[in-house]
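S.K.: Here you go, one structure.
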Amino acid sequence: MRIIDISLTIQLIVELSFICLSFWALEAIDFNKFINKKQIIKKQTVILLLALALGHIVAQLVFSLTNIISAMLGNI
């Protein structure tokens, strides 16, 4: 039971890390070209939602690659 708890904790940390990394990277994009400068809350909401989606997708990719590699190494 402890291994499952550790695995879930690692997955949560990795997912949150990629969400934070995505948020940091999205801050470099000038969204003022797409969204009116007066609509600050909409701009921040778009960045937050994009960061959540992108971070989740990248984290799932890393988990999938990890599972594939461990399965390949397990068959050797």
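S.K.: Could you list all residues from the range 24-33 that are under 23 Å from the mean Cα position of the chain (by Cα) and surrounded by 10 or more Cβ atoms within 10 Å (Cβ to Cβ)?
M.R.: Pass one, the range 24-33, residues under 23 Å from the mean Cα position of the chain (by Cα): 24-31.
W24, A25, L26, E27, I29, F31, listed by residue number.
S.K.: Same structure again: Filter the range 37-76 down to the residues that are touching a helix residue (DSSP H, G or I) at 6+ places or on another chain (Cβ under 9 Å) and small (G, A, S), then identify the one that is nearest to A25 (Cα to Cα).
M.R.: Of everything passing the filter in the range 37-76, A51 is nearest to A25 (Cα to Cα).
S.K.: Being over 25 Å from V14 (Cβ atoms) and among the β-branched types (V, I, T) is the filter here, so list the residues in the range 35-74 that pass it. Full working, then the answer.
M.R.: Step one: filter the range 35-74 for residues over 25 Å from V14 (Cβ atoms), giving 35-43.
The answer is I35, I40, I41.
S.K.: Mind listing whichever residues of the range 34-50 are of a type in the set (A, V, I, L, M, F, W, C), under 30 Å from S64 (Cα atoms) and exposed (fewer than 13 other Cβ atoms within 10 Å of the Cβ)?
M.R.: L49
S.K.: Name the residue, out of A59, A71, A53, A28, that is hydrophobic (A, V, I, L, M, F, W, C), without any contact (Cβ under 8 Å) to a residue 60 or more places away in the chain and not in a helix (DSSP H, G or I).
M.R.: A28
Just so you know, all these numbers are worked out from the coordinates, no wet-lab data involved. From a predicted model like this one, the values you see are computed outputs, not experimental measurements. When we count neighbours, we look across all protein chains shown, and the Cβ atoms used for this are built from the backbone with ideal geometry, even at glycine.
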